[in-house]
Amino acid sequence: MTGQVQGKVALVTGGASGIGAAVAELLAREGASVAITDIDEFRGEELAAALKQAGHTAMFLPHDVTSEDRWVEVVAQVEKRFGRLDILVSNAGIGISVPSIVDMTLADWRRQTAINLDGVFLSVKHCLPVMRKTGGGSIIMMSSLAGLRGAAGLAGYCATKGGVRLFAKAVAMECASVGDRIRVNSVHPGIIDTPIWGKIPTEATGAGQNAPIDPEERAKLATPLARAGHASEIASGVLYLASDASAYATGTELVIDGGMNAGGVPRKA
């Protein structure tokens, strides 16, 4: 099946790399005009250029999702360029790991919350009015398996992703109550092999250092399917929620985690 979002306009935050880039690429291949936003201007411009070279419609906008002023500008630019907005993928996020919650600085707590939760709130606040003018659409919020269960060393991250999960449900009920034909769902990836693993700052490695985490090794031990997921597999789930194939799905969560949330399986030595 092709053209699953043909003629639709999508905005993908954090779209320059990892899951966001895979989502932007797949939505573009399936017929959507895609606005990619990110703080990584080099990769964002590069991706947009590659999509246009392949015959798709795409644009890149530099974007700090914590800035409300910038949200106003981004949404205005998307509406001016494409005239509408059908799909919002609130994907931008960061992870900060610490040995214990007592080691987490208030500055890091606030930074993570600003990006992972405030950024999602601002995306809905400023995109929803444009989507309502379109007459319907789909909002997809990128949560995490960490938004469904706790993880040692990631209490702050879990708090933000759990907040995203319930925020999605509340906005879904709000949209349903006014009959605006906008569906709202959350996606919960497990261990996915993306660049974020090399960007998770942790006190254990010292200030300014990256955590040496191998997602494949971690996934072999933690997931029933015994492997890390791929960004393209998350993108396929997002495509389903963005398309009319999910017309009866709202206020729910799509878990793509290799079985981690379901339970565990014995491993042979």
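The values are calculated or read from the model by the stated rules, or taken from the named source; none is laboratory data. Keep in mind that what you see is a predicted model, and the values were worked out from it rather than measured. Heads up, the Cβs are rebuilt from the backbone with ideal geometry, glycines too, and the neighbour counts pull from every protein chain shown. Areas reflect the complete protein model, heavy atoms only, side chains present, ligands, DNA and RNA absent. Shrake-Rupley method; radii C 1.70, N 1.55, O 1.52, S 1.80 Å.
With an 8 Å Cα cut-off and a minimum separation of 6 or more residues, compute the relative contact order for the chain in percent. Mind dumping the intermediate values first?
Numbers: 559 pairs, mean separation 50.8, N = 269.
Here the relative contact order equals 19 percent.
How big is the equivalent ellipsoid of the range 9-256 along its three axes, where each semi-axis is √(5λ) from the Cα gyration tensor, reported in whole Å from largest to smallest? Write down the numbers at each step before the final one.
On the way: eigenvalues 156, 76, 67 Å².
They are 28, 20, 18 Å, listed from largest to smallest.
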### Query
At GLU216 and ASP103, where each label point lies 7 Å from the Cα along Cα→Cβ, what is the point-to-point distance in nanometres?
2.7 nm
### Message
Helix check for the chain. Which DSSP H runs span at least 30 Å along their own axis by Cα, with a mean Kyte-Doolittle hydropathy no less than 0.5?
### Response
155-178
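Could you order PHE42, PHE82, PHE121 by accessible surface area, starting with the largest, using a probe radius of 1.4 Å? Can you show the working numbers first?
Values: PHE42 150, PHE82 40, PHE121 100 Å².
Result of the area sort, largest leading: PHE42, PHE121, PHE82.
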### Query
Label points 7 Å out from Cα along the Cβ direction at ASP193 and GLU73: separation in nm?
3.8 nm
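Could you check what % of the DSSP bridge pairs in the chain are antiparallel, to the nearest 5? Each step should come with its number before you reach the end.
On the way: 1 of 30 bridges.
Here the share of antiparallel DSSP bridges comes out near 5 percent.
Determine the alpha carbon to alpha carbon distance for each of LYS80/LYS133; LYS8/LYS125; LYS8/LYS80; LYS80/LYS169 and list only those over 18 Å.
Numbers: LYS80/LYS133 14 Å; LYS8/LYS125 20 Å; LYS8/LYS80 15 Å; LYS80/LYS169 30 Å.
The pairs that break the limit, which is 18 Å between Cα atoms, are LYS8/LYS125; LYS80/LYS169.
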### Query
Using the beta-carbon distance between ARG181 and GLU45 and R0 = 30 Å, what value does 1/(1 + (r/R0)^6) give for FRET efficiency, to the nearest 0.05?
0.35
### Task
Skip the ligands, DNA and RNA, and give the accessible area per residue of the range 111-166 with a 1.4 Å probe, whole Å².
34 Å²
### Query
Given charges of +1 on the Cβ of Lys and Arg and -1 on the Cβ of Asp and Glu, with all other atoms neutral, how large is the dipole of the chain about its Cα centre, in debye to the nearest 20?
620 debye
### Message
Given a 1.4 angstrom probe, I'd like the percentage of the accessible area of the chain that is carbon and sulfur, rounded to a whole number.
### Response
54 percent
### Task
List every residue whose amide H lies under 5 Å from the amide H of VAL255, counting only residues 5 or more places away in sequence or on a different chain, with H placed 1.01 Å from N in the peptide plane.
HIS188
